[in-house]
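Student: What follows is a single structure, and I will ask about it in a moment.
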C-alpha cells in the first residue's frame with residue numbers, strides 16, 4: 001500500500017511540474033541567451049510576453065552583416081534615449097541587444113578567416129561587457145548598480161567594437 005501511495009505522489013508531482021515549468025514562450029522561436037545572464041538583476045514584472053512583443057524579437061538573420069545592422073540600429077536607439085534622459089526607454093532595446101549579440105556570436109564562430117573571426121569574437125565580447133555594465137547601472141542591488149556604468153562612459157568602446165564588426169562582416 002505504501003508503494004502505491006508513493007507512486008501516486010510522484011505521479012502527481014511530475015504532472016504538476018509539467019504544468020508549472022513550461023514557461024511563457026515556445027522554445028522553437030526563442031533564442032537562448034545563456035552568456036548574457038546576471039543573477040543579480042531584478043527583472044520582476046519588467047518584461048511582456050504576449051504575441052505582440054514576439055514579432056519585435058526575431059533573430060532570424062541570414063548573415064552576420066544583418067546582425068551587425070541590427071546591432072548598429074539598437075545602439076543608435078539606446079544612445080539617443082540615454083542622451084535624451086530617457087533611461088526607461090533604452091531599457092528594452094538594451095535587453096534586445098544582448099539577444100542580438102548572442103546571435104552575432106554564433107555567426108562569428110562560422111567565419112573562415114581566423115583574423116576576422118578573432119576580431120569579431122573580441123568585438124562581440126566587448127559589446128556584451130559594455131552593454132551589461134550599462135544594464136547593471138539601471139537596476140539590481142545597490143552593489144550591482146555600483147558596478148554599472150553610464151552609457152557615456154562606454155560609448156567610445158561600443159562605437160569602436162561596432163566598427164570592427166562592420167569591417168569584418170563586409171569582407
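The values are calculated or read from the model by the stated rules, or taken from the named source; none is laboratory data. Note that the structure is a prediction, hence the values are computed from the model and not measured. Glycine gets a Cβ as well: all are built from the backbone with ideal geometry, and neighbour counts include every protein chain shown.
Student: Go through 146, 157 for me and flag whichever is touching a residue at least 12 places away in the same chain (Cβ under 8 Å), more than 18 Å from the chain's Cα centre (by Cα), under 22 Å from residue 86 (Cα atoms) and assigned to a helix (DSSP H, G or I).
Tutor: 157
Student: Do we have residue 99 as in contact with a helix residue (DSSP H, G or I) (Cβ under 7 Å, 6 or more places away or on another chain) and in contact (Cβ under 8 Å) with a residue 12 or more places away in the chain here?
Tutor: yes
Student: Next question, about the same structure. Given 34, 126, 29, which one is at pLDDT below 85 and closer than 22 Å to residue 147 by Cβ?
Tutor: 34
Student: For residue 72, indicate whether it is surrounded by fewer than 20 Cβ atoms within 10 Å (Cβ to Cβ) and without any contact (Cβ under 8 Å) to a residue 12 or more places away in the chain.
Tutor: It is false that residue 72 is surrounded by fewer than 20 Cβ atoms within 10 Å (Cβ to Cβ) and without any contact (Cβ under 8 Å) to a residue 12 or more places away in the chain.
Student: Within 16 Å of residue 160 (Cβ to Cβ), modelled with pLDDT of 95 or more and in a helix (DSSP H, G or I), is that true of residue 82?
Tutor: No: the conditions fail for residue 82.
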